[in-house]
1. Report, in debye and to the nearest 20, how large the dipole of segment 277-329 comes out about its Cα centre when Lys and Arg carry +1 and Asp and Glu carry -1 on their Cβ.
2. So, taking all protein chains as they sit and a 1.4 Å probe, how much accessible area belongs to SER283, in Å² rounded to tens?
3. With the cut-off at 1.5 for a/c, could you classify segment 255-395 from its C-alpha gyration tensor as rounded, prolate or oblate?
4. Is the chain best put as rounded, prolate or oblate by its Cα gyration tensor, with a ≥ b ≥ c the root eigenvalues, rounded for a/c under 1.5, and otherwise prolate when a/b is larger than b/c, oblate when not?
5. Using a Gaussian network for the chain with springs between C-alpha atoms less than 10 Å apart, which of these wobbles most: ALA73, ALA47, ALA159?
6. Just report the Cα centroid separation between segment 310-329 and segment 334-395, whole Å.
7. Would you work out the charge dipole size for the chain about its Cα centre, treating the Cβ of every Lys and Arg as +1 and the Cβ of every Asp and Glu as -1, and quote it to the nearest 20 debye?
8. For the chain, take the longest principal axis of its alpha carbons; what is the angle in degrees between that and the long axis of helix 2-26, to the nearest 10 within 0 to 90?
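The values are calculated or read from the model by the stated rules, or taken from the named source; none is laboratory data. If you're wondering where the values come from, they're calculated on a predicted model, not measured in any experiment. When we count neighbours, we look across all protein chains shown, and the Cβ atoms used for this are built from the backbone with ideal geometry, even at glycine. Protein only, heavy atoms only, side chains kept; ligands, DNA and RNA dropped before computing areas. Shrake-Rupley method; radii C 1.70, N 1.55, O 1.52, S 1.80 Å.
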Amino acid sequence: MKKISLLFLLMIVGACGVKTTRKMVASGDYDSAIEKAVKGLQSNKDAKGKQDYVYLLEEAFAKAKERDLRDIAGWGWFKDANPKDLEAIYNTYKLLSERQELIRPLLPLKLIKEGRDAKFPMEDYSEQLTNSRNALSKYLYLNSVAALMSGDKMRCRRAYDDLVYLNQINPGYKDVTKLINDAQFKGTDFVIVSTKNQTNVIVPKRLNDDLMDFSTYGLNDKWTAYHNAKQKGIDYTYGIEINFRDINISPERINEKEFQKEKVIKDGVKKLLDARGREVKDSLGKPIYVDNMKTVQIAIYESTQQKAVQVTAKVDYVNLKTNQLLQTFPIASEFLFQNVYAHYQGDRRACETDYLQNFDRRQVPFPTNEQMVFDCGEDLKNKLKDIISRNAIGK
């Protein structure tokens, strides 16, 4: 019974596959139909139940081949073809060849009722492939060279893509590798980033160096490179200037306060007594014990060290070719140094558990002004990265 059910299921699946393949042929989706039929014939190809696949494969192959050769004739022989059609001609010859190789491992395929092998006329397209690839390569090469000579960034970027494609279809063609590097360089927007201090406070060198270390930002992309120092031989298109406008550092403060806490806590156990002060016992005559609750108190003397810094700046985007200010973005960061320590009199059990750590702390030296400004650096860096990411050059 199980074998019959499995066979029935396979017949249903096979019928659905044939139906789908027939629809693909009818709609002109010949290559999908060929792939479907080939997959269906990869096991037990000579079975009677696979005959529909053989017929459909023969039909789809013939129609696809006829369509592709008609298209090539319409585009014109590649020597006289419109340059824009050269890629289509090359890709069509490539498809004709690949389609044959997909079917070849299955041959011969028999048509049982007709007593013949299905017809799949195989052609040698190697010459057409070579000639069409060479014609396409020549066109891409000359067109890319002209684009690089123009110096236009957008044309150079398109040339880069064409040259990468050319290198894929025809590796080692002339000096394409060098031209790819040239196209990458000429298509790139180089951005010089600098800082300017307009405050009365010295910006720590460590902070300036950290902000300018663009290797940690991950901002460089295919067509944009950020530099923190001008490099010889590079024509910078844009500039980003970080102007420090104000740095405010608060005085060092120690605030002191005193407060009390009270809590009812469990302090061991005690015998349960009745209203007359006599022990209460259980059914076995044993004394009953209950929690001994106790009120404890503590006086806390708390000190808080505080020192704050606020850094404000603006980020200017400048077109260096026209010396025009393109955009300005405000940026600000704050950092608070705080140290809380305390001592007490009384029972520390009256305190919350998370406060007890303050009793183990002591007064510490205040950070220097330079350290305070530097401690703003990570936040400033993240905000600067966010501004540049959201307002990327060339996007």
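1. Here segment 277-329 has a charge dipole of around 80 debye.
2. For SER283, the solvent-accessible surface is approximately 120 Å².
3. Values: a/c = 6.44, a/b = 3.06, b/c = 2.10.
Prolate, because a/c is 1.5 or more and a/b exceeds b/c.
4. Numbers: a/c = 5.83, a/b = 1.58, b/c = 3.69.
Judged from the Cα gyration tensor, the chain comes out oblate (a/c at least 1.5, b/c at or above a/b).
5. Evaluated over the chain, the most mobile residue of the options is ALA47.
6. 31
7. 1260
8. Its long axis makes an angle of about 70 degrees.
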